[in-house]
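The values are calculated or read from the model by the stated rules, or taken from the named source; none is laboratory data. As the structure is a computational prediction, the values presented were derived from the model and not from experiment. Here Cβ is always computed from backbone atoms with ideal geometry, including for glycine, and neighbour counts include all displayed protein chains. Ligands, DNA and RNA are excluded from the accessible area calculation, which covers all protein heavy atoms including side chains. Shrake-Rupley method; radii C 1.70, N 1.55, O 1.52, S 1.80 Å.
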Amino acid sequence: MSDNKFLLARKKGMTQIFREDGTVVPVTVLEAGPCMVTGLMSEGHHGYSAVQLGLTPAREKHVSKPQWKDFEKRGVKAHRILREFRVPSTDGFEVGQELGPEVFEVGDVVDVVGKSKGRGFASVIKAHGFARGHETHGSHSVRTPGSIGQCAYPGRVFKGQRMARHYGDEQRTVKNATIEGVDVERGLLLVRGGVPGAPNSLVQLATAKTGRRG
Amino acid sequence: MDNIILELEKAQMKENAPSFNTGDFVRVEYLIREGKNERVQPFIGQVIRLSGHGFRKTFTVRRMVQGEGVERTFPLHSPRVVNVAVERGPNRKPKQARLFFLRDRVGKSAQL
């Protein structure tokens, strides 16, 4: 396989492992795959080359009718989750091929893409890290944003003023995380450090785009 | 917590993890690397804290070295912690779960 490795996984939670020298490593446990190659995008036909991976097999009622027909046409099992990964060339990939944690080796450096936990409509302290007001000495301005501008000049609030907003539930990438363990038997990958998202949420793993590689 | 994680942790846990309590005087046999060789270095002192549970349990041992208090915290299930032998128990059972007050005491008053 090329040096560009990728996989879909589900976040399971965090724990720690001991290295041989006794150091404790915090890891996120990911249920890696099993993924199926559900499609290959080619330069000639689609204008770019990519590998489409599917996670979580679906029955007919779970996908739309046109999609179901499309899966039938391609001759692969339907999947609920589909993601594409751009590759220089689709050589070595086959529609219907199954991929699991064995794609990665211990020591690989990856970027992990996930969707962070939703925080709802959060105010400025949680969403932007504003400081809190005084809780005593007659202050009622404890978690309020405070002033949002000046007076008659400029007579308006500047664009980009940070205010309460919907926070979380956004795509986030953790760059350059090391693969600390590959458990083919249980279908697990252990990634050093935290990973965005709630338990059982979708996570995309791919060889790190920047920084140290492998 | 997820079963998979519990399973992973169980696989790493020592089956016969040594058991001891705060206040016990213990001898911790810890594997250290010296150049290429590995040898056991004992750390002898009094357990002043037990923290965490299950796989993540750690304990802190305090001893006096040349008049200076030294504390080390070990993960109970670390492969480097070969054995923890209880040398003797405390003179009386401590009322506290964590014996941090011993840090401020010297000599006879540092006894339980």
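Observations, loosely collected:
- Some residue of segment B:9-23 being within 14 Å of chain A (Cβ to nearest Cβ), surrounded by fewer than 16 Cβ atoms within 10 Å (Cβ to Cβ), among the acidic types (Asp, Glu) and under 23 Å from A:THR28 (Cα atoms): no
- Checked against the criterion of being among the hydrophobic types (A, V, I, L, M, F, W, C), open to solvent by 80 Å² or more (accessible area, probe 1.4 Å) and touching a residue at least 12 places away in the same chain (Cβ under 8 Å), the candidates A:PHE93, A:PHE121 yield just one match: A:PHE121.
- Among the residues making up segment B:40-54, those that are at pLDDT 90 or above and within 14 Å of chain A (Cβ to nearest Cβ) are B:VAL40, B:GLN41, B:PHE43, B:SER51, B:GLY52.
- Filtered residue count, segment B:32-50, keeping only those that are open to solvent by 40 Å² or more (accessible area, probe 1.4 Å) and not acidic (Asp, Glu): 11
- In segment A:1-90, counting only strands (runs of 3 or more DSSP E) that sit wholly within it, the ones holding 1 or more residues that are open to solvent by 10 Å² or more (accessible area, probe 1.4 Å) and within 14 Å of chain B (Cβ to nearest Cβ) span A:6-18, A:24-32.
- Only residues that are open to solvent by 50 Å² or more (accessible area, probe 1.4 Å), polar (S, T, N, Q) and within 14 Å of chain B (Cβ to nearest Cβ) were counted in segment A:168-214, giving 1.
- Options A:ARG132, A:ARG172, A:ARG156, A:ARG162; residue that is free of Cβ contacts under 8 Å to residues at least 60 places away in the same chain, of a type in the set (D, E, K, R) and under 30 Å from B:LEU6 (Cβ atoms): A:ARG172
- Condition check for B:VAL86 on (1) open to solvent by less than 40 Å² (accessible area, probe 1.4 Å); (2) closer than 13 Å to B:SER19 by Cα: one failure, at (1).
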